[in-house]
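The values are calculated or read from the model by the stated rules, or taken from the named source; none is laboratory data. Please read these numbers as outputs of a predicted model, since none were measured by experiment. Don't worry about glycine lacking a Cβ; one is built from the backbone with ideal geometry, like all the others, and counts go over all protein chains shown.
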2 protein chains.
Amino acid sequence: MNIGEVAAETGMTAKSIRYYEQVGLVAPAARGQNNYRAYGAREIAELRFVHRARSLGFSVKDVADLLALWRDRSRASQQVHAMAVAHMAAIEQKIASLETMKATLQTLLRRCHNNDRPDCPILDDLAR
Amino acid sequence: MNIGEVAAETGMTAKSIRYYEQVGLVAPAARGQNNYRAYGAREIAELRFVHRARSLGFSVKDVADLLALWRDRSRASQQVHAMAVAHMAAIEQKIASLETMKATLQTLLRRCHNNDRPDCPILDDLAR
DNA sequence: CTTTACCTTCCCGTAAGGGGATAGTTTATG
DNA sequence: CATAAACTATCCCCTTACGGGAAGGTAAAG
């Protein structure tokens, strides 16, 4: 399969796939006589794994570690669990930070008259 | 006041302050005979505004717009309101995205045995 | 045969600063 | 007073995870 077909099938972009190869996340793809990258079922499965892990918010670096664990038949599930827990914590922290912003914005929005007069509690608050 | 004092007082870093000046978010600070940036109450208030807006998650570009509105005595509060609403929407989208990740991770974590055996539902899921 | 659709590599740009080198200033200390 | 510690200045590279787009080769379609 060519890179475009893989992209279409996995939902990633060709750019991303090349990028993952470039940074060493996945091994360089085999090349056809036309120098096109040629993917087999195994490589596609790996890319799918990468895509799914990325969609869960894991960094490329983390995905590299997850891939290594995946390939290691003798890993302990604890190791994966620990990574997931750490990632969860990071996500929860981001959510908390965003929730704080959201709450503040909500308060400000409620106070703003939202009309054509210049008086604006939002700006007043930012300037406090 | 020197940049370090301003930084300490506002909670920003000197690097950030220089950066904001560099990208034109705030006007270049006046310089003393030693070439040090010298800040007055007015500039500090502006930097405080910037810092507060940034802490609410507004991008530097957005902060520039907010600053412009702040300086414009004849702005309509609608304009500020609209920016805040748009920003709120963006925040809510980020939260929703993170919540989705969190939910998936939670499910996976519950299923993982978290022991020294290799069997791992998390990896299995990523590979599905 | 030519157009269109892929593919290749390469290089630039992003957001918002952080890190660190080098050099001049100012302040604190012995 | 001399020197060392603490600031400040500019400058340049690094980060994340690709997207955009150029230049040029290849393949499939009309």
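Here are some notes:
- Within segment A:1-16, residues that are without any contact (Cβ under 8 Å) to a residue 12 or more places away in the chain have Cβ atoms under 7 Å from residues that are of a type outside the set (Gly, Ala, Ser) and within 11 Å of DNA strand D (Cβ to nearest atom) in these pairs: A:Ala7/A:Thr13; A:Ala7/A:Ile17, counting only partners at least 6 apart in sequence or on another chain.
- Qualifying residues in segment A:100-114 (those that are surrounded by fewer than 17 Cβ atoms within 10 Å (Cβ to Cβ) and in contact with a helix residue (DSSP H, G or I) (Cβ under 6 Å, 6 or more places away or on another chain)) - the one nearest to the other protein chains (Cβ to nearest Cβ): A:His113
- Residue in segment A:50-63 that is away from DNA strand D (no atom under 11 Å from the Cβ) and within 14 Å of chain B (Cβ to nearest Cβ) present: yes
- Condition check for B:Ala14: within 8 Å of DNA strand D (Cβ to nearest atom) and aliphatic (A, V, I, L, M): yes
- Which listed residue, of B:Tyr36, B:Tyr19, is surrounded by 12 or more Cβ atoms within 10 Å (Cβ to Cβ), in the same structural domain as B:Leu66 (by TED's automatic domain parsing) and more than 23 Å from B:Arg71 (Cβ to Cβ): B:Tyr36
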